């Protein structure tokens, strides 16, 4: 019942199941696996797709001949397993050249190199079948604002996105961009720190229709924000092009835990939002197994991400069918229609009538909402004590 199927569109990045367990205080604990081996690992656990940065697949210093062989072998693995590549992205944060950012670097040579590297990576993504291209500005920020003018940085970021949008259009690619926000780490402060920042930025671009967002659970939770609300804003705006699922203790460093492992209630409301609103994009798990894991446990981690999503999807359906919960929601949202003559689209007549209406303020203040009872019913549903 909780086995992944292609229609669920569950994906993982090469960098997720391929994470070797290195952290700032410790060396790797797992052997490096090749991209081909990781494709077969993901096929074994039942994933639908695999996503990648350019250098997850092709080393940054590979020769053209080496590049072609790697891509050939990777495509063969995709063909053998049936996995697809729905999303690709560029690594603009690991190499020392990007120590001060890529598109927002103070060095124009770095900004030009970042554009070149991204165009090459876009070509690779399209060659592999990607329809979504994600941008995470991991180094696009500062430790000290003395080093960079933030308005200049915004303009540089816009120039880069406009350039790359036009490149995609000029090549005739069927590709959309998704921008990924993060408040900090590895920079002290990263520009466009939240999904809301990204949505505002997109509206200033030359081709806003081809650019959306890729919000990540951990990135909003790092800042103590309600991720579900940010995803809702993106959904309502028609801009949720992709989503990164993981988990995170609020206010900590970027932990990238297994989906649903830290904040199960938050994960439930997120899944319910996606499923209730017909989100049909990839459900991408940008998460890592614990450093204590071997590769058998990495497989358990990947299976756990997908299984938890499917369990919560079922819980969302049960919530929608629960008579007591739905009755409470109907009571809470009951509308006497008394205000209908005043509400909706503005008119001068409606506004004039509303200004003269007398409200019983005391009665409004006496009305209680049974949110405690409602929330407890949801908790009991999640705990499995409601049939």
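Values quoted throughout were computed directly from the atomic coordinates according to the rules given, and no laboratory measurement underlies them. Computed from a predicted structure; not experimentally measured. Here Cβ is always computed from backbone atoms with ideal geometry, including for glycine, and neighbour counts include all displayed protein chains.
For a footprinting-style exposure proxy, rank 15, 48 by other Cβ within 10 Å, fewest first. Walk me through the numbers on the way to the answer.
Numbers: 15 17, 48 22.
Ordered from fewest to most neighbouring Cβ atoms within 10 Å, 15, 48 come out as 15, 48.
Restricted to Cα positions, what overall size does the stretch 94-167 have along the principal axes? Three whole-Å values, descending.
Sorted from largest, the Cα extents of the stretch 94-167 read 42, 24, 19 Å.
From the gyration tensor of the Cα coordinates in the stretch 234-300, what semi-axes in whole Å does the equivalent ellipsoid have, largest first, with each one equal to sqrt(5λ)? Write down the numbers at each step before the final one.
Values: eigenvalues 123, 37, 24 Å².
The three semi-axes for the stretch 234-300 are 25, 14, 11 Å.
When DSSP beta bridges are limited to those with both residues in the chain, what percentage is antiparallel, rounded to the nearest 5? Working shown, then result.
Numbers: 4 of 29 bridges.
Of the beta bridges lying entirely in the chain, close to 15 percent run antiparallel.
Assuming R0 = 35 Å, can you tell me the calculated FRET efficiency for the pair residue 330 and residue 295, based on Cβ-Cβ distance, to the nearest 0.05? Before the final figure, lay out each step's value.
Details: r = 50 Å, r/R0 = 1.42.
Given R0 = 35 Å and the Cβ-Cβ separation, E is 0.10.
Stick to Cα atoms and the Kirkwood definition of Rh, then tell me Rg/Rh for the chain.
Values: Rg = 23.5 Å, Rh = 23.0 Å.
Using only Cα positions, Rg/Rh for the chain is 1.02.
As a footprinting exposure proxy, order 382, 354, 270 by other Cβ within 10 Å, with the fewest listed first. Numbers along the way, then the final one.
Values: 382 18, 354 13, 270 25.
The order, fewest Cβ neighbours first, is 354, 382, 270.
Using a Förster distance of 51 angstrom, determine the FRET efficiency expected from the C-beta separation of residue 338 and residue 383, and round it to 0.05.
On the way: r = 39 Å, r/R0 = 0.77.
E(calc), rounded to 0.05, equals 0.85.
Between residue 264 and residue 173, what is the spin-label point distance in nm, taking each point 7 Å from the Cα along the Cα→C-beta axis?
Taking the two extended label points, one gets 4.2 nm.
Before rounding to the nearest 500, sum -39500 (n - 2.57) across all DSSP H runs of length at least 4 in the chain and divide by the residue total; then give [θ] at 222 nm in deg cm²/dmol. Let's see the in-between values first.
On the way: 15 runs with 180 residues, N = 387.
Using -39500 (n - 2.57) per qualifying helix, the result is -14500 deg cm²/dmol.
Return the distance in nm (one decimal) between the two label points of a simple spin-label model at residue 209 and residue 109, each offset 7 Å from Cα along Cα→Cβ.
With each label point 7 Å from Cα toward Cβ, the separation is 4.0 nm.
Just subtract the alpha-carbon distance of residue 353 and residue 149 from 0.36 nm times their residue separation and send over the number in nm, one decimal.
68.5 nm
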